[in-house]
Amino acid sequence: MMEQRRDFDGENGTSRRTRAKGIAQSEPGVDRIRALPDSILIRILSLLPARDAARTLVIPSFGRLWTSIYDLDFDWFVYHDCSGNSSWHCCSYDEGALSRFAELVRRVLALHQGGRIRKFRLRFEFSIDRQLDELMPLELEPEELEIMIRNGGLAGEVNRWIEFAASRNVEVLDLDFLACGLSNVGYKYELPSFVLQSSFLTELKLVSCKVNLSADIVMRALKVLCLKEIALSDDSIKNFIDGCPVLESLTVLDCYGLCELNCGSQELRSVTVAPGILEESRVKVACPNIKSLSISGWIERLELESLSSLRDASIDFCDCFLCVPDEYCEVQKILEELHHVRVLTMHHHPILVLTVWELMNLPCPSNSWQRLILRTMLTKWHLPGIANVLRSSPSLEVLVIHIIPGEVPSIDAQEAWLQLYKICESNYWDLQDRSFGCLANCLRIVRVSGDIMKDHVIQLVQFLLREALVLQKLVVSTGPNDSSISVKESKEFSDKLLSFPRGSPQAVVVFSNA
(Lines give C-alpha, C1' and ligand atoms only; values in the text may rest on other atoms or scores of the structure.)
Protein backbone atom coordinates (compact mmCIF):
# COMPACT_ATOMS: atom_id res chain seq x y z
CA MET A 1 0.00 0.00 0.00
CA MET A 2 1.36 3.39 -0.95
CA GLU A 3 2.43 5.72 1.83
CA GLN A 4 -0.02 8.60 2.39
CA ARG A 5 1.46 11.88 1.25
CA ARG A 6 2.22 14.47 3.91
CA ASP A 7 1.92 18.04 2.69
CA PHE A 8 3.53 19.59 5.73
CA ASP A 9 6.60 18.74 7.74
CA GLY A 10 5.78 19.56 11.34
CA GLU A 11 9.41 19.47 12.47
CA ASN A 12 10.83 21.87 9.91
CA GLY A 13 7.65 23.89 9.25
CA THR A 14 8.06 23.63 5.47
CA SER A 15 6.07 22.01 2.69
CA ARG A 16 7.38 19.14 0.57
CA ARG A 17 7.20 21.30 -2.55
CA THR A 18 9.24 23.99 -0.84
CA ARG A 19 12.05 21.56 0.04
CA ALA A 20 11.89 19.83 -3.35
CA LYS A 21 12.50 23.12 -5.13
CA GLY A 22 15.21 24.19 -2.76
CA ILE A 23 13.35 27.27 -1.61
CA ALA A 24 14.21 28.67 1.78
CA GLN A 25 11.49 30.69 3.47
CA SER A 26 13.93 33.33 4.63
CA GLU A 27 15.24 34.14 1.14
CA PRO A 28 14.17 37.46 -0.37
CA GLY A 29 11.76 37.31 -3.29
CA VAL A 30 10.36 33.92 -2.26
CA ASP A 31 6.94 32.95 -3.63
CA ARG A 32 5.19 32.61 -0.29
CA ILE A 33 2.10 31.06 -1.88
CA ARG A 34 4.13 28.29 -3.49
CA ALA A 35 5.70 27.61 -0.11
CA LEU A 36 2.34 26.73 1.44
CA PRO A 37 1.21 23.11 1.76
CA ASP A 38 -1.20 21.86 -0.90
CA SER A 39 -3.90 21.36 1.73
CA ILE A 40 -3.83 25.08 2.56
CA LEU A 41 -3.89 26.11 -1.11
CA ILE A 42 -6.85 23.82 -1.77
CA ARG A 43 -8.65 25.36 1.17
CA ILE A 44 -8.02 28.84 -0.26
CA LEU A 45 -9.28 27.80 -3.70
CA SER A 46 -12.40 26.26 -2.15
CA LEU A 47 -13.43 29.72 -0.98
CA LEU A 48 -13.69 30.94 -4.59
CA PRO A 49 -16.55 30.53 -7.07
CA ALA A 50 -15.87 27.45 -9.21
CA ARG A 51 -15.14 29.51 -12.33
CA ASP A 52 -12.51 31.62 -10.55
CA ALA A 53 -10.95 28.57 -8.93
CA ALA A 54 -10.55 26.91 -12.34
CA ARG A 55 -8.84 30.03 -13.70
CA THR A 56 -5.97 29.58 -11.23
CA LEU A 57 -4.72 26.82 -13.56
CA VAL A 58 -2.52 29.47 -15.24
CA ILE A 59 -0.89 30.45 -11.92
CA PRO A 60 2.18 28.27 -11.31
CA SER A 61 1.71 28.37 -7.53
CA PHE A 62 -1.67 26.64 -7.87
CA GLY A 63 -1.37 24.53 -11.01
CA ARG A 64 -4.09 21.89 -11.14
CA LEU A 65 -4.89 22.03 -7.44
CA TRP A 66 -8.30 23.49 -8.30
CA THR A 67 -9.44 20.03 -9.39
CA SER A 68 -9.28 18.95 -5.74
CA ILE A 69 -11.34 21.75 -4.18
CA TYR A 70 -14.04 20.55 -1.81
CA ASP A 71 -16.44 23.51 -2.07
CA LEU A 72 -18.07 23.79 -5.51
CA ASP A 73 -19.97 27.04 -6.01
CA PHE A 74 -21.79 27.45 -9.34
CA ASP A 75 -23.64 30.77 -9.64
CA TRP A 76 -24.83 31.97 -13.03
CA PHE A 77 -24.69 35.58 -11.82
CA VAL A 78 -21.10 35.59 -13.04
CA TYR A 79 -22.45 35.41 -16.62
CA HIS A 80 -24.76 38.39 -16.54
CA ASP A 81 -25.41 41.61 -14.64
CA CYS A 82 -28.78 41.96 -12.96
CA SER A 83 -27.77 44.70 -10.52
CA GLY A 84 -29.98 47.25 -12.27
CA ASN A 85 -33.14 45.18 -11.92
CA SER A 86 -35.65 46.01 -9.22
CA SER A 87 -37.05 43.39 -6.88
CA TRP A 88 -40.20 43.26 -9.01
CA HIS A 89 -38.45 42.56 -12.32
CA CYS A 90 -36.29 39.63 -13.29
CA CYS A 91 -33.46 39.43 -15.76
CA SER A 92 -34.37 38.58 -19.32
CA TYR A 93 -33.85 34.91 -20.10
CA ASP A 94 -30.35 34.71 -21.51
CA GLU A 95 -29.97 31.39 -23.31
CA GLY A 96 -26.33 32.07 -24.08
CA ALA A 97 -25.51 32.74 -20.44
CA LEU A 98 -27.27 29.55 -19.35
CA SER A 99 -25.41 27.50 -21.96
CA ARG A 100 -22.07 28.87 -20.83
CA PHE A 101 -23.04 28.22 -17.22
CA ALA A 102 -24.01 24.60 -17.97
CA GLU A 103 -20.76 24.06 -19.87
CA LEU A 104 -18.78 25.36 -16.88
CA VAL A 105 -20.51 22.89 -14.55
CA ARG A 106 -19.89 20.00 -16.96
CA ARG A 107 -16.18 20.76 -17.34
CA VAL A 108 -15.53 21.31 -13.64
CA LEU A 109 -17.28 18.10 -12.62
CA ALA A 110 -15.55 16.12 -15.39
CA LEU A 111 -12.11 17.28 -14.20
CA HIS A 112 -12.78 17.17 -10.47
CA GLN A 113 -10.49 14.71 -8.70
CA GLY A 114 -11.36 15.28 -5.05
CA GLY A 115 -12.61 12.33 -3.08
CA ARG A 116 -15.15 14.39 -1.20
CA ILE A 117 -17.25 17.50 -1.56
CA ARG A 118 -18.05 19.49 1.55
CA LYS A 119 -20.36 22.07 -0.07
CA PHE A 120 -22.15 22.06 -3.43
CA ARG A 121 -24.01 25.22 -4.46
CA LEU A 122 -26.07 25.53 -7.64
CA ARG A 123 -27.80 28.82 -8.40
CA PHE A 124 -29.54 29.60 -11.69
CA GLU A 125 -33.02 30.20 -13.03
CA PHE A 126 -34.56 26.91 -14.09
CA SER A 127 -36.87 28.29 -16.78
CA ILE A 128 -39.32 25.84 -18.28
CA ASP A 129 -40.25 28.07 -21.22
CA ARG A 130 -37.42 26.98 -23.53
CA GLN A 131 -38.06 23.30 -22.88
CA LEU A 132 -41.76 23.74 -23.60
CA ASP A 133 -40.98 25.47 -26.90
CA GLU A 134 -38.82 22.51 -27.94
CA LEU A 135 -41.35 19.84 -26.91
CA MET A 136 -44.61 21.40 -28.07
CA PRO A 137 -44.18 20.39 -31.76
CA LEU A 138 -44.15 16.74 -30.63
CA GLU A 139 -47.84 17.04 -29.63
CA LEU A 140 -47.36 14.97 -26.49
CA GLU A 141 -50.05 14.17 -23.96
CA PRO A 142 -49.77 16.22 -20.72
CA GLU A 143 -48.49 13.20 -18.78
CA GLU A 144 -45.85 12.45 -21.42
CA LEU A 145 -44.83 16.12 -21.56
CA GLU A 146 -44.29 16.20 -17.81
CA ILE A 147 -42.12 13.06 -17.91
CA MET A 148 -39.98 14.52 -20.72
CA ILE A 149 -39.48 17.75 -18.79
CA ARG A 150 -38.71 15.96 -15.53
CA ASN A 151 -36.19 13.45 -16.88
CA GLY A 152 -34.76 14.90 -20.09
CA GLY A 153 -32.83 17.94 -21.23
CA LEU A 154 -31.67 20.36 -18.59
CA ALA A 155 -33.54 18.65 -15.75
CA GLY A 156 -31.83 15.35 -16.45
CA GLU A 157 -28.45 17.05 -16.51
CA VAL A 158 -29.12 18.82 -13.20
CA ASN A 159 -30.03 15.43 -11.74
CA ARG A 160 -26.60 14.14 -12.73
CA TRP A 161 -24.85 17.18 -11.22
CA ILE A 162 -26.60 16.65 -7.89
CA GLU A 163 -25.93 12.91 -8.03
CA PHE A 164 -22.22 13.70 -8.54
CA ALA A 165 -22.20 15.73 -5.31
CA ALA A 166 -24.20 13.09 -3.43
CA SER A 167 -21.79 10.35 -4.52
CA ARG A 168 -19.01 12.30 -2.80
CA ASN A 169 -20.90 12.53 0.47
CA VAL A 170 -21.72 16.23 0.18
CA GLU A 171 -22.43 17.83 3.56
CA VAL A 172 -23.89 21.21 2.53
CA LEU A 173 -26.25 21.28 -0.47
CA ASP A 174 -27.59 24.64 -1.69
CA LEU A 175 -29.96 24.41 -4.69
CA ASP A 176 -31.51 27.68 -5.87
CA PHE A 177 -33.54 27.34 -9.08
CA LEU A 178 -34.99 30.86 -8.90
CA ALA A 179 -31.87 33.06 -8.71
CA CYS A 180 -32.95 36.44 -10.12
CA GLY A 181 -36.07 35.12 -11.86
CA LEU A 182 -39.71 35.73 -11.02
CA SER A 183 -41.74 33.37 -8.85
CA ASN A 184 -44.04 30.93 -10.57
CA VAL A 185 -46.31 28.08 -9.52
CA GLY A 186 -46.17 26.16 -12.80
CA TYR A 187 -43.59 23.61 -13.87
CA LYS A 188 -40.60 23.48 -11.55
CA TYR A 189 -37.50 21.35 -11.40
CA GLU A 190 -38.35 18.15 -9.50
CA LEU A 191 -35.86 17.29 -6.79
CA PRO A 192 -34.57 13.68 -6.94
CA SER A 193 -35.82 11.69 -3.96
CA PHE A 194 -32.33 10.45 -3.07
CA VAL A 195 -31.47 13.95 -1.82
CA LEU A 196 -33.95 13.49 1.03
CA GLN A 197 -32.33 10.23 2.09
CA SER A 198 -28.74 11.36 2.56
CA SER A 199 -26.82 10.20 5.62
CA PHE A 200 -24.18 12.90 5.18
CA LEU A 201 -26.09 16.15 4.64
CA THR A 202 -25.83 18.58 7.55
CA GLU A 203 -27.30 21.60 5.72
CA LEU A 204 -29.89 21.68 2.93
CA LYS A 205 -31.31 24.72 1.12
CA LEU A 206 -34.00 24.32 -1.54
CA VAL A 207 -35.39 27.23 -3.55
CA SER A 208 -38.20 27.06 -6.11
CA CYS A 209 -38.31 23.36 -6.90
CA LYS A 210 -40.86 20.58 -6.66
CA VAL A 211 -40.38 18.24 -3.72
CA ASN A 212 -42.00 14.81 -3.70
CA LEU A 213 -43.96 15.12 -0.47
CA SER A 214 -44.79 11.40 -0.42
CA ALA A 215 -41.14 10.31 -0.48
CA ASP A 216 -39.46 8.93 2.61
CA ILE A 217 -37.40 11.63 4.34
CA VAL A 218 -34.43 10.26 6.29
CA MET A 219 -31.62 12.73 6.92
CA ARG A 220 -30.20 11.76 10.28
CA ALA A 221 -27.29 14.23 10.19
CA LEU A 222 -29.23 17.29 8.96
CA LYS A 223 -29.04 20.28 11.30
CA VAL A 224 -30.04 23.19 9.04
CA LEU A 225 -32.98 23.17 6.60
CA CYS A 226 -34.07 26.14 4.46
CA LEU A 227 -37.11 25.95 2.16
CA LYS A 228 -38.08 28.85 -0.08
CA GLU A 229 -40.94 28.97 -2.59
CA ILE A 230 -41.76 25.31 -2.08
CA ALA A 231 -45.26 23.82 -2.11
CA LEU A 232 -45.78 22.36 1.36
CA SER A 233 -48.49 20.92 3.54
CA ASP A 234 -48.84 20.47 7.28
CA ASP A 235 -48.02 16.78 6.94
CA SER A 236 -45.00 17.36 4.70
CA ILE A 237 -43.34 19.82 7.07
CA LYS A 238 -43.99 17.35 9.90
CA ASN A 239 -42.35 14.61 7.82
CA PHE A 240 -39.33 16.83 7.26
CA ILE A 241 -38.93 17.45 10.98
CA ASP A 242 -39.58 13.83 11.97
CA GLY A 243 -37.08 12.61 9.35
CA CYS A 244 -34.36 14.94 10.63
CA PRO A 245 -33.97 13.98 14.31
CA VAL A 246 -31.09 16.40 14.99
CA LEU A 247 -32.54 19.39 13.09
CA GLU A 248 -31.62 22.62 14.90
CA SER A 249 -32.59 25.39 12.45
CA LEU A 250 -35.64 25.56 10.16
CA THR A 251 -36.36 28.34 7.65
CA VAL A 252 -39.61 28.52 5.65
CA LEU A 253 -39.76 31.50 3.26
CA ASP A 254 -42.53 32.34 0.77
CA CYS A 255 -43.80 28.76 0.75
CA TYR A 256 -47.45 27.98 0.10
CA GLY A 257 -49.93 25.37 1.28
CA LEU A 258 -48.74 25.44 4.88
CA CYS A 259 -51.31 26.17 7.59
CA GLU A 260 -49.58 24.98 10.73
CA LEU A 261 -45.98 24.69 11.85
CA ASN A 262 -46.30 22.66 15.00
CA CYS A 263 -43.13 21.14 16.38
CA GLY A 264 -42.35 19.86 19.83
CA SER A 265 -38.83 18.68 19.00
CA GLN A 266 -36.31 19.19 21.78
CA GLU A 267 -33.51 19.63 19.21
CA LEU A 268 -35.07 22.42 17.12
CA ARG A 269 -33.67 25.73 18.38
CA SER A 270 -34.31 28.31 15.66
CA VAL A 271 -37.25 28.96 13.30
CA THR A 272 -37.56 31.58 10.55
CA VAL A 273 -40.97 32.05 8.89
CA ALA A 274 -42.07 34.45 6.16
CA PRO A 275 -45.55 33.88 4.67
CA GLY A 276 -45.51 34.67 0.96
CA ILE A 277 -47.86 36.64 -1.25
CA LEU A 278 -49.30 33.37 -2.64
CA GLU A 279 -50.23 32.15 0.84
CA GLU A 280 -53.89 32.99 1.44
CA SER A 281 -54.55 31.04 4.63
CA ARG A 282 -53.25 31.86 8.07
CA VAL A 283 -50.16 30.06 9.32
CA LYS A 284 -49.99 29.02 12.96
CA VAL A 285 -46.55 28.68 14.52
CA ALA A 286 -46.48 26.59 17.70
CA CYS A 287 -42.99 25.49 18.73
CA PRO A 288 -42.72 25.38 22.52
CA ASN A 289 -39.02 24.47 22.68
CA ILE A 290 -37.40 26.86 20.20
CA LYS A 291 -35.09 29.58 21.52
CA SER A 292 -35.03 31.90 18.48
CA LEU A 293 -37.77 33.05 16.09
CA SER A 294 -37.56 35.37 13.08
CA ILE A 295 -40.72 36.44 11.28
CA SER A 296 -41.10 38.60 8.19
CA GLY A 297 -43.15 38.91 5.00
CA TRP A 298 -46.95 39.05 5.33
CA ILE A 299 -46.91 38.68 9.09
CA GLU A 300 -50.58 39.58 9.44
CA ARG A 301 -51.21 35.99 8.31
CA LEU A 302 -49.22 34.56 11.22
CA GLU A 303 -50.55 33.23 14.50
CA LEU A 304 -48.02 32.66 17.26
CA GLU A 305 -48.73 30.16 20.01
CA SER A 306 -46.83 28.09 22.59
CA LEU A 307 -43.52 29.94 22.52
CA SER A 308 -42.74 29.64 26.20
CA SER A 309 -39.02 28.83 25.70
CA LEU A 310 -38.40 31.68 23.25
CA ARG A 311 -35.53 34.02 24.17
CA ASP A 312 -34.66 35.82 20.93
CA ALA A 313 -37.04 37.18 18.28
CA SER A 314 -36.89 39.32 15.14
CA ILE A 315 -39.81 41.02 13.42
CA ASP A 316 -40.12 42.60 9.98
CA PHE A 317 -42.72 42.57 7.22
CA CYS A 318 -43.13 43.19 3.52
CA ASP A 319 -42.88 46.60 1.93
CA CYS A 320 -46.63 47.22 1.76
CA PHE A 321 -47.24 49.50 4.72
CA LEU A 322 -50.26 51.74 4.01
CA CYS A 323 -50.49 53.37 7.43
CA VAL A 324 -54.09 52.36 8.09
CA PRO A 325 -54.02 51.84 11.88
CA ASP A 326 -56.85 49.36 12.23
CA GLU A 327 -55.26 47.03 9.68
CA TYR A 328 -52.30 46.44 11.96
CA CYS A 329 -53.96 44.98 15.03
CA GLU A 330 -52.18 41.77 14.04
CA VAL A 331 -48.86 43.47 14.75
CA GLN A 332 -50.06 44.19 18.28
CA LYS A 333 -51.03 40.54 18.77
CA ILE A 334 -47.60 39.40 17.63
CA LEU A 335 -45.79 41.83 19.94
CA GLU A 336 -47.95 40.61 22.81
CA GLU A 337 -46.90 37.02 22.06
CA LEU A 338 -43.26 38.18 22.08
CA HIS A 339 -43.49 40.24 25.27
CA HIS A 340 -41.42 37.75 27.30
CA VAL A 341 -38.35 37.38 25.06
CA ARG A 342 -35.02 38.73 26.27
CA VAL A 343 -33.80 40.02 22.90
CA LEU A 344 -35.98 41.60 20.21
CA THR A 345 -34.83 42.83 16.80
CA MET A 346 -37.18 45.26 15.08
CA HIS A 347 -36.77 46.48 11.50
CA HIS A 348 -37.83 49.54 9.55
CA HIS A 349 -41.53 48.85 8.93
CA PRO A 350 -42.54 47.69 12.42
CA ILE A 351 -41.08 50.91 13.81
CA LEU A 352 -43.37 52.89 11.50
CA VAL A 353 -46.31 50.91 12.91
CA LEU A 354 -45.23 52.10 16.35
CA THR A 355 -45.13 55.65 14.96
CA VAL A 356 -48.78 55.26 13.99
CA TRP A 357 -49.59 54.08 17.51
CA GLU A 358 -47.63 56.92 19.11
CA LEU A 359 -49.36 59.56 17.01
CA MET A 360 -52.73 58.07 17.98
CA ASN A 361 -51.76 57.71 21.67
CA LEU A 362 -51.72 53.90 21.47
CA PRO A 363 -48.95 52.23 23.51
CA CYS A 364 -46.73 49.40 22.40
CA PRO A 365 -47.62 46.27 24.41
CA SER A 366 -45.75 46.19 27.71
CA ASN A 367 -42.85 43.77 27.64
CA SER A 368 -39.81 42.43 29.48
CA TRP A 369 -37.28 42.89 26.68
CA GLN A 370 -33.75 43.30 28.05
CA ARG A 371 -31.98 43.88 24.75
CA LEU A 372 -33.58 45.80 21.86
CA ILE A 373 -32.00 45.92 18.39
CA LEU A 374 -33.38 48.47 15.91
CA ARG A 375 -32.31 48.14 12.26
CA THR A 376 -33.93 51.09 10.56
CA MET A 377 -33.71 54.31 8.69
CA LEU A 378 -33.75 57.29 11.01
CA THR A 379 -36.04 60.01 9.69
CA LYS A 380 -38.51 62.20 11.53
CA TRP A 381 -41.16 59.55 10.81
CA HIS A 382 -39.25 57.03 12.92
CA LEU A 383 -38.78 59.20 16.00
CA PRO A 384 -42.27 58.63 17.49
CA GLY A 385 -41.95 54.87 16.92
CA ILE A 386 -38.64 54.73 18.78
CA ALA A 387 -40.09 56.81 21.61
CA ASN A 388 -43.08 54.48 21.77
CA VAL A 389 -41.02 51.31 22.13
CA LEU A 390 -38.63 52.86 24.68
CA ARG A 391 -41.52 54.04 26.80
CA SER A 392 -43.07 50.55 26.78
CA SER A 393 -39.86 48.64 27.65
CA PRO A 394 -39.23 49.17 31.38
CA SER A 395 -36.68 46.31 31.65
CA LEU A 396 -34.43 47.39 28.78
CA GLU A 397 -30.70 47.12 29.59
CA VAL A 398 -29.07 47.22 26.14
CA LEU A 399 -30.17 49.31 23.14
CA VAL A 400 -28.55 48.69 19.74
CA ILE A 401 -29.43 50.98 16.84
CA HIS A 402 -28.09 50.26 13.36
CA ILE A 403 -29.07 53.05 10.98
CA ILE A 404 -29.52 52.10 7.33
CA PRO A 405 -29.40 54.77 4.58
CA GLY A 406 -32.67 56.40 3.58
CA GLU A 407 -34.47 59.71 3.93
CA VAL A 408 -38.19 59.13 3.37
CA PRO A 409 -40.62 56.21 3.67
CA SER A 410 -40.75 54.30 0.40
CA ILE A 411 -44.49 53.99 -0.14
CA ASP A 412 -46.43 56.96 -1.49
CA ALA A 413 -49.56 56.22 0.54
CA GLN A 414 -47.44 55.82 3.63
CA GLU A 415 -45.72 59.16 3.11
CA ALA A 416 -49.01 60.96 2.41
CA TRP A 417 -50.64 59.54 5.55
CA LEU A 418 -47.75 60.45 7.82
CA GLN A 419 -47.64 63.99 6.49
CA LEU A 420 -51.06 64.58 8.02
CA TYR A 421 -49.23 64.73 11.35
CA LYS A 422 -46.86 67.47 12.35
CA ILE A 423 -43.67 66.20 13.92
CA CYS A 424 -41.32 68.79 15.42
CA GLU A 425 -38.15 67.03 14.33
CA SER A 426 -35.74 69.80 15.31
CA ASN A 427 -36.51 69.44 19.03
CA TYR A 428 -38.56 66.23 19.14
CA TRP A 429 -36.69 64.67 22.06
CA ASP A 430 -36.75 67.89 24.10
CA LEU A 431 -40.55 67.76 24.00
CA GLN A 432 -40.75 64.24 25.45
CA ASP A 433 -41.87 63.78 29.03
CA ARG A 434 -39.86 61.73 31.53
CA SER A 435 -42.05 58.61 31.38
CA PHE A 436 -39.21 56.37 30.18
CA GLY A 437 -38.78 53.81 32.95
CA CYS A 438 -35.84 52.07 31.28
CA LEU A 439 -33.85 55.32 31.11
CA ALA A 440 -34.25 55.95 34.81
CA ASN A 441 -33.57 52.44 36.07
CA CYS A 442 -32.13 49.91 33.61
CA LEU A 443 -30.49 51.11 30.39
CA ARG A 444 -26.75 50.55 30.77
CA ILE A 445 -25.36 50.11 27.26
CA VAL A 446 -26.19 51.89 23.99
CA ARG A 447 -24.59 51.03 20.65
CA VAL A 448 -25.13 53.16 17.54
CA SER A 449 -23.75 52.23 14.12
CA GLY A 450 -24.34 52.70 10.40
CA ASP A 451 -25.31 56.04 8.86
CA ILE A 452 -24.44 57.97 12.02
CA MET A 453 -23.79 61.49 10.68
CA LYS A 454 -27.44 62.52 10.51
CA ASP A 455 -28.84 65.27 12.75
CA HIS A 456 -31.47 62.84 14.01
CA VAL A 457 -28.71 60.55 15.28
CA ILE A 458 -27.00 63.38 17.16
CA GLN A 459 -30.28 64.47 18.75
CA LEU A 460 -31.13 60.91 19.82
CA VAL A 461 -27.68 60.35 21.30
CA GLN A 462 -27.90 63.66 23.17
CA PHE A 463 -31.28 62.63 24.60
CA LEU A 464 -30.03 59.20 25.71
CA LEU A 465 -26.89 60.63 27.34
CA ARG A 466 -28.96 63.17 29.24
CA GLU A 467 -31.83 60.94 30.34
CA ALA A 468 -30.22 57.52 30.90
CA LEU A 469 -29.39 57.83 34.59
CA VAL A 470 -27.57 54.50 35.01
CA LEU A 471 -25.86 54.42 31.60
CA GLN A 472 -22.37 52.91 31.66
CA LYS A 473 -21.29 52.99 28.02
CA LEU A 474 -22.35 54.53 24.73
CA VAL A 475 -20.49 53.07 21.73
CA VAL A 476 -20.58 54.84 18.35
CA SER A 477 -19.29 52.83 15.39
CA THR A 478 -18.58 54.02 11.86
CA GLY A 479 -17.68 50.63 10.39
CA PRO A 480 -14.23 49.42 9.29
CA ASN A 481 -14.63 50.30 5.58
CA ASP A 482 -16.46 53.61 5.81
CA SER A 483 -14.41 56.15 3.85
CA SER A 484 -17.30 58.58 3.36
CA ILE A 485 -16.49 60.42 6.61
CA SER A 486 -13.46 62.71 6.48
CA VAL A 487 -11.06 63.07 9.38
CA LYS A 488 -12.34 66.60 9.99
CA GLU A 489 -15.99 65.49 10.00
CA SER A 490 -15.18 62.62 12.33
CA LYS A 491 -13.45 64.92 14.80
CA GLU A 492 -16.27 67.48 14.77
CA PHE A 493 -18.79 64.70 15.27
CA SER A 494 -16.91 63.13 18.17
CA ASP A 495 -16.24 66.50 19.81
CA LYS A 496 -19.95 67.32 19.69
CA LEU A 497 -20.95 64.02 21.28
CA LEU A 498 -18.33 64.34 23.99
CA SER A 499 -19.61 67.80 24.89
CA PHE A 500 -23.15 66.62 25.69
CA PRO A 501 -24.14 66.54 29.38
CA ARG A 502 -24.57 63.08 30.91
CA GLY A 503 -27.21 62.03 33.38
CA SER A 504 -25.05 59.17 34.61
CA PRO A 505 -21.68 59.99 36.22
CA GLN A 506 -20.37 56.57 35.14
CA ALA A 507 -21.23 57.02 31.45
CA VAL A 508 -18.37 56.86 28.97
CA VAL A 509 -18.52 57.51 25.22
CA VAL A 510 -16.48 55.17 23.03
CA PHE A 511 -15.77 55.59 19.32
CA SER A 512 -15.05 52.47 17.30
CA ASN A 513 -14.56 51.45 13.68
CA ALA A 514 -15.45 47.81 14.32
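The values are calculated or read from the model by the stated rules, or taken from the named source; none is laboratory data. Keep in mind the model is a prediction, meaning the values are calculated, not measured. Neighbour counts run over all protein chains shown; Cβ positions are idealised from the backbone, glycine included. With ligands, DNA and RNA removed, areas are computed over all heavy atoms of the protein, side chains included. Shrake-Rupley method; radii C 1.70, N 1.55, O 1.52, S 1.80 Å.
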So for R0 = 41 Å, FRET eff. of Ile277-Lys496 from the Cβ-Cβ r, to 0.05, ends up at 0.35
Per the 1/(1 + (r/R0)^6) rule, R0 = 41 Å and r from the Cβ atoms of Asp242 and Arg107, FRET efficiency to 0.05 is 0.55
Distance in nm between Asn361 and Lys333 label points, each 7 Å along Cα→Cβ, equals 2.7 nm
Sorted by chain and then number, the residues having a modelled amide H within less than 5 Å of the amide H of Ile117, at least 5 places away or on another chain, are Val170
With the label point 7 Å along the Cα-to-beta-carbon line of Val508 and a cut-off under 12 Å to each amide N, the hits in region 440-475 are 472-475
From the cross-link list Lys210/Lys291; Lys454/Lys491; Lys422/Lys491; Lys119/Lys205, the entries with a Cα-Cα span beyond 22 Å are Lys210/Lys291; Lys422/Lys491
The size of the Cβ-based charge dipole (Lys, Arg +1; Asp, Glu -1) of region 439-514 about the Cα centre, to the nearest 20 debye, is 260 debye
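Could you tell me what fraction of 2.2 N^0.38 Å the Cα radius of gyration of region 223-310 comes to, as a two-decimal ratio? Working shown, then result.
Values: Rg = 11.6 Å, N = 88, 2.2 N^0.38 = 12.1 Å.
Against the empirical 2.2 N^0.38 Å value, I get 0.96 for region 223-310.
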Once Lys and Arg are counted +1 and Asp and Glu -1 for all other residues with Cβ under 14 Å from that of Leu464, the total becomes +4
Note on region 223-310: contact order normalised by length, alpha-carbon pairs under 8 Å, 6 or more apart, percent, works out to 25 percent
Between the modelled labels at Ser193 and Ser39 (7 Å from Cα along Cα→Cβ) the distance in nm is 4.1 nm
For Phe164, the accessible surface traced by a 1.4 Å probe with all protein chains present amounts, in square angstrom to the nearest 10, to 30 Å²
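What do you reckon, how do Arg123, Arg64 stack up by accessible area (1.4 Å probe), largest on top? Show your work: numbers first, answer last.
Details: Arg123 50, Arg64 125 Å².
From most exposed to least exposed: Arg64, Arg123.
Pull out a ≥ b ≥ c, the square roots of the eigenvalues of the alpha-carbon gyration tensor of region 164-304, then state rounded if a/c is under 1.5, prolate if not and a/b is larger than b/c, and oblate in the remaining case.
Values: a/c = 1.79, a/b = 1.16, b/c = 1.55.
Since a/c reaches 1.5 but b/c is at least a/b, the shape of region 164-304 is classed as oblate.
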